[in-house]
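What follows is a single structure, written as structure tokens, with notes after it.
Rule-based calculations on the coordinates, nothing more; no lab input. What you see is a predicted model; the values in this text were computed from it and never measured. Cβ sites come from the backbone with ideal geometry, for glycine too, and all protein chains shown count toward neighbours.
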Amino acid sequence: MQLKYTHMNLYEYFYNLVKQIPDGYITTYGELARALGDIKAARAVGYMLSVNSDPEGIPCYRVVHTDRRIGKYALGVEEKERRLRKDGIIISDGMVDNFNERFFSDFRTDYPLIKLQKEQESIGKFASFEDVEVVDNYAAIDVSYDGRDGYGAIAVYRDGGYIINTFYQRVDFPYIPGYLGYRETPFIERLSEGFDGMLIIDANGLLHPRKCGLATFAGVIMGRPTIGVAKSLLLGKPDVNGYIVYNGEKLGYMINRHCIVSPGNMIGMESSIRKIKLLGKDKYPDILKRVHNETVDFRKRRLPS
């Protein structure tokens with residue numbers, strides 16, 4: 001059974017939140033992240049503000065730091081100060097003096113990230129982690145970015161070599177830790193069309209706060225066997241045997257500091273570990289290096305020189 005998931009333009013939703021800040025008021029990066037539904041989105045808030053293409057219609061200059069620093073602005077700090085002063089914000093040495101009197105937090109929001117968390121939990125419950133034998137029909141997928149432009153690639157293993165395909169798409173969901181499924185599943189769906197084997201994905205699977213990292217999320221959505229291989233540890237700690245333990249459960253395995261395995265869907269922990277160890281000989285697998293390099297080359301080919 002294939003499941004559906006929410007497709008949303010979080011940039012558009014976010015910019016509509018910024019438009020709610022009244023004249024003469026300010027808010028913070030953290031407050032906007034909370035209005036989205038997760039304080040972990042604070043860095044994404046900063047990024048989305050930095051790429052705002054309509055600074056006149058979307059007043060991103062009204063967003064400052066929690067410690068009262070006015071922060072950066074795409075049109076320059078001096079211009080941010082000028083606009084804030086014009087709104088009646090008092091500034092001394094780059095700090096907002098009347099912060100408490102002018103602080104706005106009454107956003108009209110339905111907290112979309114909280115809804116997506118619940119959806120992830122629901123999708124994750126459909127994942128299967130039975131320890132099955134892994135066939136040699138496999139491929140790796142990765143995506144790299146230039147701003148909102150995503151450059152995806154798949155490397156299909158065949159007859160001792162790789163068949164490469166690429167796909168470009170503009171993304172509507174910024175990078176927020178824990179929500180990669182909403183950003184990259186469209187790439188995985190498109191790139192894996194016509195391929196019926198196992199997908200090795202540069203991301204986590206079961207090793208996720210809601211047990212639904214990208215490899216699990218995409219695997220369940222497509223009804224496909226997947227393994228997640230991440231370059232850094234998202235959460236948990238390795239035990240003496242290398243298993244990553246989080247909340248008392250073994251959710252992944254650390255082959256080395258930059259090669260962390262977790263089952264995605266339709267495969268168990270031990271089979272996932274054996275497969276990635278076999279492919280990488282206790283290092284980061286060559287097929288993932290190859291597909292990552294292809295995304296970078298693809299991006300360079302598409303960008304103007």
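Points to keep in mind about this one:
- Kirkwood-based shape ratio for the chain, expressed as Rg/Rh from alpha carbons: 1.04
- Considering only F173, F129, F195, the mean-square fluctuation computed in a Gaussian network model of the chain, springs between alpha carbons under 10 angstrom, is largest for F195.
- Alpha-carbon Debye profile of region 165-212, log10 I(q)/I(0) at 0.20 Å⁻¹: -0.79
- Straight-distance crosslink candidates among lysines, where the alpha carbon sits under 26 Å from K40 and sequence neighbours closer than 8 are dropped: K4, K19, K72, K80, K115, K118, K125, K211, K231, K237, K250
- Whole-percent pair-distance distribution, where bins are 10 Å wide, for the alpha carbons of region 10-110: 16, 55, 27, 1
- Per the Debye formula on identical point scatterers at the alpha carbon atoms of region 121-302, with no solvent, log10 I(q)/I(0) at q = 0.10 Å⁻¹ is -0.34.
- Neighbour counting of Cβ atoms within 10 Å sorts the residues D136, D87, D159, fewest neighbours leading, into D159, D136, D87.
- Separation of alpha-carbon centers, region 41-107 and region 234-252, rounded to whole Å: 40
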